[in-house]
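Below is one structure, written out as structure tokens; comments come after it.
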Amino acid sequence: MDIKRTFETEFSKEILQSEKIRELLLSGIIVVMLLAITVNAYYLNVFENNLIKPFQWFIVILIVLLIRSLLVRKFQVVWFKKSRKKYLGFLYINTFIETSIPSVVIIVFASQFNPVTALISPIVFFYFLFIILSIFDLDLKLSIFAGIVASSEYLILAFFYYDQFKLSGDLAILNMFPFYAAKSLFLFIAGVVAGIVSLKIRKNIFSSYHSLQERNNLEKAFGQQVSKEVVDEFIRNNLTITSRERIATIMFLDIRDFSNFCEGKTPEEINKYQNEVLSFMIDIVKENRGIVNQILGDGFMATFGAPVEDEKHTYNAVKAANEIIRQLNFNNEKGRIENTKVGIGIHCGEVITGNVGTKDRMQYSVTGNTVILAARLEQLNKKFNSSVIVSKDVIDNMNRVLLKQDEIHLIKTNNYKQMNTEKIEFISLGDATVKGFASPIGVYKLS
């Protein structure tokens with residue numbers, strides 16, 4: 001209900017803005033009509049044919065309508081600020097006045113010419129014009145009301161005028177009231193159709209607004225660490241988060257000597273340092289279609305390829321790691337941050353993904369041996385004096401997925417393998433014993 005109330009408030013403001021366009025459009029139409037009447041008056045030679053009086057009436061009506069169109073916007077703003085009920089009343093009165101204008105013109109026409117001619121003249125199309133303009137309010141009832149007013153007024157005028165001038169031959173049908181009743185019915189149907197169109201547009205707008213709210217809620221559920229691309233893809237999947245096995249790439253990042261840095265520092269200084277160091281790193285992860293699942297104070301854990309599947313998840317993780325190291329070195333050189341070093345471990349494989357928590361507080365969680373191994377690889381950076389270490393599984397996955405796209409190639413040398421992908425090079429460290437795993441793991445470091 002809160003979403004609906006918020007939508008209605010914002011929607012009403014947008015409708016008020018659209019009314020300005022509506023009145024400007026109507027003013028433009030009136031100006032064109034005035035020009036058309038002037039041209040017709042010239043060609044019909046109204047002075048010699050004694051037609052000046054009806055043309056004067058038409059011009060006066062159009063000028064009054066033009067002035068009204070220019071002033072109605074100000075009145076709308078005034079009534080809008082009072083209350084929704086009063087503003088709706090204003091809209092209905094305004095719609096009634098607008099839709100009644102063709103009726104007034106028909107009466108003037110009938111008083112000067114053949115009444116039947118007035119009933120079948122192009123003036124009738126102005127009813128449709130005002131019915132169409134009612135769509136700007138995006139209100140089903142208001143459009144139907146415009147249709148009812150147009151239909152009723154035309155039916156009344158037809159009943160009053162249709163038999164005042166008898167026609168013969170093929171035109172005898174114009175002497176029959178059902179002919180005009182059918183026109184009246186079409187006006188009513190036009191109002192209903194306009195109302196349905198208004199309702200459909202209104203529902204589509206609300207649906208879009210609701211989707212945006214869901215997007216915001218989704219970002220909140222992920223701790224505001226989800227990239228736009230992931231959110232878009234996730235929404236297309238109907239926001240489904242179910243626990244399942246999948247292949248993904250896990251990255252662990254740790255700030256070196258963070259404990260030593262914290263000694264003698266105030267909480268504010270520590271927090272400022274964390275924000276300066278981690279913010280650009282997290283942004284890089286998001287830009288490469290990753291999700292930062294956990295911020296650990298002195299680092300974070302990120303996932304690539306989950307919850308949204310991505311064939312290039314290992315490549316995106318490696319690319320993100322390389323960009324992080326480059327940006328970190330640049331920030332260190334420029335003195336933007338205190339001299340900082342990090343260790344990054346990357347591994348890919350099967351993981352279990354899904355939401356963990358309660359209804360009020362959910363967190364997207366990734367678990368499994370792949371996560372544990374990625375954390376262990378990060379710790380190996382201390383042993384090998386490196387910044388980024390990846391498993392052989394990461395190298396193999398990149399080689400398998402990207403080789404066919406000519407984005408990567410593997411070059412063998414005498415004692416190590418070198419991988420080039422956008423100037424990213426890895427050096428084989430051979431097999432390493434990792435705590436908690438019986439078999440040695442093939443590892444590579446970023447050169």
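The values are calculated or read from the model by the stated rules, or taken from the named source; none is laboratory data. Just so we're clear, the structure is a prediction, and the values are computed from it rather than from any experiment. Every residue, glycine among them, receives a Cβ derived from its backbone with ideal geometry; neighbour counts consider all protein chains shown.
Could you grab me the full set of residues in the range 130-161 that are under 32 Å from the mean Cα position of the chain (by Cα) and either aliphatic (A, V, I, L, M) or within 26 Å of S111 (Cβ to Cβ) (or both)? F130, I131, I132, L133, I135, L138, L140, L142, I144, A146, listed by residue number. Between I144, I97, I93, the distinction of being part of a helix (DSSP H, G or I), over 25 Å from A182 (Cα atoms), modelled with pLDDT of 80 or more and not small (G, A, S) belongs to I93 only. Residues of the range 273-293 that are assigned to a helix (DSSP H, G or I) and touching a strand residue (DSSP E or B) at 6+ places or on another chain (Cβ under 6 Å): I282, V285. Scanning the range 422-444 for residues that are outside any loop (DSSP other than H, G, I, E, B) and under 47 Å from the mean Cα position of the chain (by Cα) returns F426, I427, S428, I441, G442, V443, Y444. The C-beta contact set for the range 252-263 (first residue touching a residue at least 40 places away in the same chain (Cβ under 8 Å), second residue among the basic types (K, R) and part of a loop (DSSP other than H, G, I, E, B), distance under 9 angstrom, 6+ apart or interchain) comprises I255/K341; R256/K341; D257/K341. Of the listed requirements (1) in a helix (DSSP H, G or I); (2) of a type outside the set (S, T, N, Q); (3) at pLDDT 75 or above; (4) assigned by TED's automatic domain parsing to the domain that holds V394, I235 misses just one: (3).
Given the residues I247, I270, which is the only one that is at pLDDT below 95, in a strand (DSSP E or B) and touching a helix residue (DSSP H, G or I) at 6+ places or on another chain (Cβ under 9 Å)? Steps first, please.
Working: I270 fails: in a strand (DSSP E or B).
Selected residue: I247, the only one of I247, I270 that is at pLDDT below 95, in a strand (DSSP E or B) and touching a helix residue (DSSP H, G or I) at 6+ places or on another chain (Cβ under 9 Å).
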